[in-house]
Amino acid sequence: MNPNRPYVFRSDPKARPKKPHPDSPQKPEPYVADRELIDAVNLAIFLKRPLLLEGEAGCGKTRLASAVAYELGLPLYRWNVRSDTKAKEGQYEYDAILRLHDVQTQKAGQSSQRDPSDPKQYRKFGALGQAFECKNSPAIVLIDEIDKADVDFPNDLLTVLDAPWQFYIPETDETITASEQKHNRPIVIITSNKEKGNLPAPFLRRCLYYYLEFPKNPERLQQIVELHYQTNQIAAPPKPLVDAAISRFLQVRQAGGLFKIPGTSEFLDWLEALGDFAAEPFKAEDLAAERPLPYRELLFKVRADWQKYPQPNPS
């Protein structure tokens, strides 16, 4: 292995090292990645640039981080972004109120689990802080749905996700610095749904970009189904039913006119219901295009889409 590239993603869970990091995902993530996506991940690892993933909801953006962390045996720290999230939260949080409480408790002659004279006992690292503390291996940091935050949030991250790879904690007078070894610095994967338009240009310039498309052919969906059931060690539905479900699902997507197009996660839930929800698996021939669509509540999340595929009248 090239010493300058000790971590290489292959989209193969069997490549997981024998001694993974304790914070690495314990469950394999069934994930089918094409060659271009694999190259994008490895370029992000090699260049230590954030990988920005865009694509429709349910196409696997979030799950990619778990797949990479599991295969490489690396720790995964997830940061779920909210509308009020600030960049500092990913670095650390400091509980000044708890420290004041402990001071008052100590003055009252009572014991405390913490020593209020030590401010470090009141700071807690966020996802980036935990990743910076990993010195012997890189950590995967997932910054999920970055566009939920305000417009300043992405640019505020730039001061941390670039040289000198450090941040300062004034409450404890600490400077937290990532590993000096380039190959041990954090691997950052960022997802975006473009909820608030385009991200700032300075931020985009620092990222590698990849648009994650939904599989366009039945063979790719078949791969995803096989890996999903194989990884979870459960029996897959009968092959004729799987083939019919894939065909009908792709017809629904390609027909257009939907406000919220169902993605991979909806398809897998739908297939599981077709195979196991009733006493007997759903009949493959009943998934023909002219038949009513079963279990539509698993595929559609908007009323207009729901009404587009009505259920049959009860007999």
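What follows draws every value from the coordinates through simple rules; no lab data is involved. Predicted, not measured: the structure shown is a model, and the values here were computed from it. For neighbour counting, all protein chains shown are included, and Cβ atoms are generated from backbone atoms with ideal geometry for every residue, glycine included.
For segment 218-308, the dipole from Cβ point charges (+1 on Lys and Arg, -1 on Asp and Glu) about the Cα centre works out to 400 debye, to the nearest 20. Our summary gives the chain a relative contact order of 21 percent, counting only alpha carbon pairs under 8 angstrom and 6 or more residues apart. Put a dot 7 Å past the Cα of residue 10, heading toward its Cβ, do the same for residue 205, and the two dots end up 3.8 nm apart. Amide H to amide H, with H built 1.01 Å from N, residue 78 comes under 5 Å of 142, counting only residues 5 or more places away or on other chains. What the Cβ-Cβ distance of residue 98 and residue 150 gives, at R0 = 35 Å and to the nearest 0.05, is a FRET efficiency of 0.80. Helix 35-47 against the longest principal axis of the chain: what's the angle in degrees, Cα atoms only, rounded to the nearest 10? So the inclination is approximately 0 degrees. Modelled this way, with points 7 Å down the Cα-to-C-beta line, the labels at residue 47 and residue 120 are 3.7 nm from one another.
Along segment 96-105 the Karplus relation, 6.51 cos²θ - 1.76 cosθ + 1.60 evaluated at θ = phi - 60°, assigns HN-Hα couplings of 5, 5, 5, 5, 4, 4, 5, 4, 5, 5 Hz to successive residues, with x for each Gly and Pro.
Once you order the gyration tensor axes a ≥ b ≥ c over the Cα atoms, which shape class does segment 18-68 get: rounded for a/c under 1.5, otherwise prolate or oblate by comparing a/b with b/c? Here segment 18-68 falls in the oblate category. Of the residues 41, 311, 221, the one whose Cα sits farthest toward the positive end of the charge dipole of the chain, with +1 on the Cβ of Lys and Arg and -1 on the Cβ of Asp and Glu, is 41. For the chain, a crude dipole built from +1 on the beta carbon of Lys and Arg and -1 on the beta carbon of Asp and Glu, taken about the Cα centre, is about 460 debye to the nearest 20.
For the chain, the share of DSSP beta bridges that are antiparallel, to the nearest 5, is 30%. Annotation: amide H of residue 52 within the under-5 Å range of 190, 208, 209, 210, sequence separation 5 or more or interchain, hydrogens built in the peptide plane.
Starting from the Cα of residue 133, move 7 Å in the Cα-to-Cβ direction to define the label point; list residues of segment 69-103 whose amide nitrogen is under 16 Å from there. Counting backbone N atoms under 16 Å from the label point, the list is 75-79, 89-95. Take the Cβ atoms of residue 23 and residue 254, set R0 to 35 Å, and the FRET efficiency comes out at 0.25. Only lysine pairs 8 or more places apart or on separate chains count here, and in segment 135-263 those with Cα atoms under 20 Å apart total 8.
Extension gain for residue 302-residue 34 works out to 93.4 nm (0.36 nm per residue, less the C-alpha to C-alpha distance). Between rounded, prolate and oblate, where does segment 80-142 land on the alpha carbon gyration tensor, with a ≥ b ≥ c its root eigenvalues, rounded for a/c under 1.5, else prolate if a/b exceeds b/c? In terms of gyration-tensor shape, oblate.
Phi angles of segment 162-177 translate, via the Karplus equation with coefficients 6.51, -1.76, 1.60 and θ = phi - 60°, into HN-Hα couplings of 7, 3, x, 6, 7, 8, 10, 10, x, 5, 10, 6, 10, 10, 9, 10 Hz per residue; Gly and Pro are given as x.
Couplings for segment 268-285, taken from phi via the Karplus curve 6.51 cos²θ - 1.76 cosθ + 1.60 with θ = phi - 60°, read 5, 5, 5, 5, 4, 5, 4, x, 10, 5, 8, 4, 10, x, 4, 6, 4, 5 Hz in order; Gly and Pro are left as x. Packing, taken as the mean count of other beta carbons within 10 Å per residue, orders the peptides 160-168, 254-262 from highest to lowest as 160-168, 254-262.
Between residue 285 and residue 78, the C-beta separation translates, for a Förster distance of 51 Å, into a calculated FRET efficiency of about 0.75.
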